[in-house]
1. Determine if region 235-242 includes at least one residue that is in contact with a strand residue (DSSP E or B) (Cβ under 9 Å, 6 or more places away or on another chain) and either touching a residue at least 24 places away in the same chain (Cβ under 8 Å) or not charged (D, E, K, R) (or both).
2. Can we say Trp117 is closer than 30 Å to Asp106 by Cβ and surrounded by fewer than 13 Cβ atoms within 10 Å (Cβ to Cβ)?
3. Could you run through region 449-475 and say how many residues are in contact with a strand residue (DSSP E or B) (Cβ under 6 Å, 6 or more places away or on another chain) and of a type in the set (A, V, I, L, M)?
4. Need the failing condition index for Arg316 against (1) more than 9 Å from the ligand (Cβ to nearest atom); (2) closer than 18 Å to Asp266 by Cα; (3) touching a helix residue (DSSP H, G or I) at 6+ places or on another chain (Cβ under 6 Å), just the number.
5. Evaluate region 407-426: report whether one residue or more is assigned by TED's automatic domain parsing to the domain that holds Trp443 and within 16 Å of the ligand (Cβ to nearest atom).
6. Just one of (1) on the phi > 0 side of the Ramachandran plot; (2) modelled with pLDDT of 95 or more trips up Asp406, so point out which.
7. How many residues does region 326-337 contain that are within 15 Å of the ligand (Cβ to nearest atom) and either aliphatic (A, V, I, L, M) or open to solvent by 20 Å² or more (accessible area, probe 1.4 Å) (or both)?
8. Against the definition (surrounded by 13 or more Cβ atoms within 10 Å (Cβ to Cβ) and within 14 Å of the ligand (Cβ to nearest atom)), how does Leu255 come out, yes or no?
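The values are calculated or read from the model by the stated rules, or taken from the named source; none is laboratory data. Everything quoted here is computed from the prediction, not taken from an experiment. Here the Cβ positions follow ideal geometry from the backbone for every residue, glycine too, while neighbour counts run over all protein chains shown. In case anyone asks, the SASA skips ligands and DNA or RNA and just uses the protein heavy atoms, side chains included. Shrake-Rupley method; radii C 1.70, N 1.55, O 1.52, S 1.80 Å.
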Amino acid sequence: MRDYPTGAVVAGRRRTGDPPTRSDGRPAPAPVNVPARRGATGRRALVLLFWVGLVLAVVPWWLATPAGSLGDTGAIALAAGRIVGLVAGYVMLVQILLMSRLRLLDRLAGEELMTRWHRDIGGALIVAVLAHMALILVGYGSLDGYNPLVEARVLIVDVPDMLEAFLSAGILTAVGLFSVRAVRNALPYELWRWLHMSTYLVLYLSFGHQFSLGQQLFKPGLVRTGWIAAYIGVVVILAYGRVIAPLIFNLRYGLRVADVVAEGPDTISIYLTGRHLDRLKLLGGQWFRFRFLARGLWWQSHPFSVSAAKNGRWLRLTVKVVGAYTRELRDLDSGARVWAIGPRGSFTAAQRTAPRSLLIAGGIGITPIRAMLEELPPGATLIYRASTPADVVLQREIDWLARARDLDVWYVIGARTDPGPRQVMSPNGLRQLVPDLERRDVWLCGPAGFVEAAQKTVRRAGVRRKKIHLAAFEL
Ligand SMILES: Cc1cc2nc3c(=O)[nH]c(=O)nc-3n(C[C@H](O)[C@H](O)[C@H](O)COP(=O)(O)OP(=O)(O)OC[C@H]3O[C@@H](n4cnc5c(N)ncnc54)[C@H](O)[C@@H]3O)c2cc1C
């Protein structure tokens, strides 16, 4: 790789690489079949289901609140507080469902979209909970002749489950604040994750007050039974997605570390073996949350993409050393057991909308793209951005795939501000390299900042949003 001048674009169409072999001489996977396309029907069905559920959640309020009953400000505030409360309760359930890791949801909507929904809805949920609280306090306060703060104290002391309800609102607001990107980036990931998990506590703490004070849910009947059934349903799905399904997966496949191979000065590949790997439903571009059951590592799980398509014999992840955990992975011993949760993610060839693709990888973002190259229809173009030649990994395999699957591969090496990369990563530069860009699917993977910037450039180059597929290495 010494012949790559920093700051220059290396000419594409490299078709001369050797077939990849592992360090122990075993052959690398042969290109496999292109997976069937998944359309947008599943996603549309989920969106429809969301709106139907929301309507069902507020219908009881509508029926129990005739227009004539809204007399003074207090009554209006109370009625508004109640409907907002029902919406908040429903959205809370949807939020938990989105993160339940149910594979069916992943298949219908795709992990990336669900994470985006989870983030967008999260903000709305906090606003709804705070509005619900404020409106209820104003409403009851005006009926009782107290100001909202005194009313809050009265409710906490006199009404069962209200202390828990206030606590849950406080926890939810804190979770929201910790999820603001700047705050989140300042926290150690594991701490942030545990704080985020306290949302389950919110589900538990907020449950009771809906029945002790919620007018629509207070009386036994169809509405109350339906609401409780929805909660039980979500908890069962959560237990299945988060506990039972991973248990079944790990008992069935029994993954273990087979080999750790250096790919570069700060990049390693970890090969895993297991039972029945030919039956594993896995697409190139998907990822797992891996927990290596070895000393010093077992207490953390980290997400990594598979960097080769399914081959029935082994899985491979390729890891860049960026911090304490990834540094430890270099010393993993063969035979170590691995607990994996997945496969997850919809950044796969099944989501394509066009026969040809442009793939842009930033740094270690090449890993899922490398696996997808085996499954996308031939004729794709890959732009591989790396800061230095040493950051280019899996190059021999990529060159081999270029030959086997008729790919154009462009290695674009240098800093963001160097003239070569700046030219290529501009709307004009992309159009010069890929004249039919607008008709292609565009796949972007890498660190969040890279993906965001590349997405803007691709949009400016005229590619429609629905043709752009994103995988930022950020949860
Ligand atoms: C879906 C997905 C797929 C990924 N695939 C790959 C891959 O194929 N190859 C690769 O090298 N990297 C991949 N990453 C990134 C990888 O997970 C992080 O680089 C790694 O967890 C860093 O851990 P660290 O403790 O060594 O570094 P740190 O310095 O502690 O962390 C660096 C950054 O990584 C993120 N991070 C840290 N711990 C976790 C965690 N437990 N879960 C999620 N994010 C975390 C945080 O944003 C943090 O700021 C992927 C990330 C995601 C979300």
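1. Residues of region 235-242 that are in contact with a strand residue (DSSP E or B) (Cβ under 9 Å, 6 or more places away or on another chain), as a first pass: 242.
Among the residues that remain, those that are also either touching a residue at least 24 places away in the same chain (Cβ under 8 Å) or not charged (D, E, K, R) (or both) are: 242.
Yes, the conditions are met somewhere in region 235-242.
2. Details: closer than 30 Å to Asp106 by Cβ: yes; surrounded by fewer than 13 Cβ atoms within 10 Å (Cβ to Cβ): no.
When the stated conditions are applied, Trp117 does not pass them.
3. The qualifying residues number 7.
4. Looking at each condition in turn, Arg316 falls short on (3).
5. The first filter runs over region 407-426 and keeps only residues assigned by TED's automatic domain parsing to the domain that holds Trp443, leaving 407-426.
Then keep just the ones that are within 16 Å of the ligand (Cβ to nearest atom); that gives none.
For region 407-426, residues assigned by TED's automatic domain parsing to the domain that holds Trp443 and within 16 Å of the ligand (Cβ to nearest atom): absent.
6. With (1) on the phi > 0 side of the Ramachandran plot; (2) modelled with pLDDT of 95 or more applied to Asp406, the lone miss is (2).
7. We begin by selecting, within region 326-337, every residue within 15 Å of the ligand (Cβ to nearest atom); these are 326-332.
Narrowing the set further to residues that are either aliphatic (A, V, I, L, M) or open to solvent by 20 Å² or more (accessible area, probe 1.4 Å) (or both) leaves 327-332.
Looking only at that region, the number is 6.
8. Numbers: surrounded by 13 or more Cβ atoms within 10 Å (Cβ to Cβ): yes; within 14 Å of the ligand (Cβ to nearest atom): no.
Criteria not met by Leu255.
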